[in-house]
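Here's the structure we're looking at; comments come further down.
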Amino acid sequence: MALKLIVLVCVAVVVLGDQSPVYPAPPVYGYPAPPPEYPEVPPKYTYNYGVADDYSGANFGHSENRDGYKTEGSYTVDLPDGRKQTVTYVDNGDGLEAVVTYEGEAQYPEYQPSYPAPHPPIYHPAPSYPAPTPPAPTYEEE
């Protein structure tokens, strides 16, 4: 009886242990998506924005108008030297033409440190040490 049980267990191990791996089905690729369709009407828009932050000192803006291939606009920015830079541009479809102008005069104030000057260092005299004395000679007895 024990022999039959051992043979049955061995057959079960061979049958259950010899299973081939199951692989997923290969992906199915379809046709590529069609290219996007763009409208036939030419673009037309107008936008502008501006930033004026007293805390950080940022002050700049931009505005632009477009009607088909004709684009025109300008942007301004306050420069760190106190001037205001304005760039006005036009593009009629044949390239960008920009005109840069400045308002005001550059100011370069003398630098004033915002911290107090450091205290002068306090010098102490160099320490004095007694001169070293040579060790007393030692004699070896024979």
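A few remarks follow.
- Charge dipole (the chain, unit charges on Cβ, about Cα centre) - positive-most of 92, 136, 21: 21
- Sparsely packed GluC sites (Glu not before Pro) within the range 1-104, loop by DSSP, other Cβ within 10 Å at most 10: 37, 40
- Cα gyration tensor shape for the chain, rounded if a/c is under 1.5, else prolate or oblate: oblate
- The lysines whose alpha-carbon is closer than 29 Å to the alpha-carbon of residue 44, local same-chain residues fewer than 8 away aside, are 70.
- Placing unit charges on the Cβ atoms only, positive for Lys and Arg and negative for Asp and Glu, gives the chain a dipole magnitude near 920 debye about its Cα centre.
- Residue separation of residue 81 and residue 122 scaled by 0.36 nm, minus their Cα-Cα distance, works out to 10.7 nm of gained length.
- Relative contact order (%) - the chain, alpha-carbon pairs under 8 angstrom, separation at least six: 11 percent
Every read-out reported here was derived from the displayed coordinates using simple, explicitly stated rules and does not represent laboratory data. Note that the structure is predicted; figures quoted are calculated from it, not measured. Positions of Cβ are generated from backbone atoms using ideal geometry, with glycine treated the same way; all protein chains shown enter the neighbour counts.
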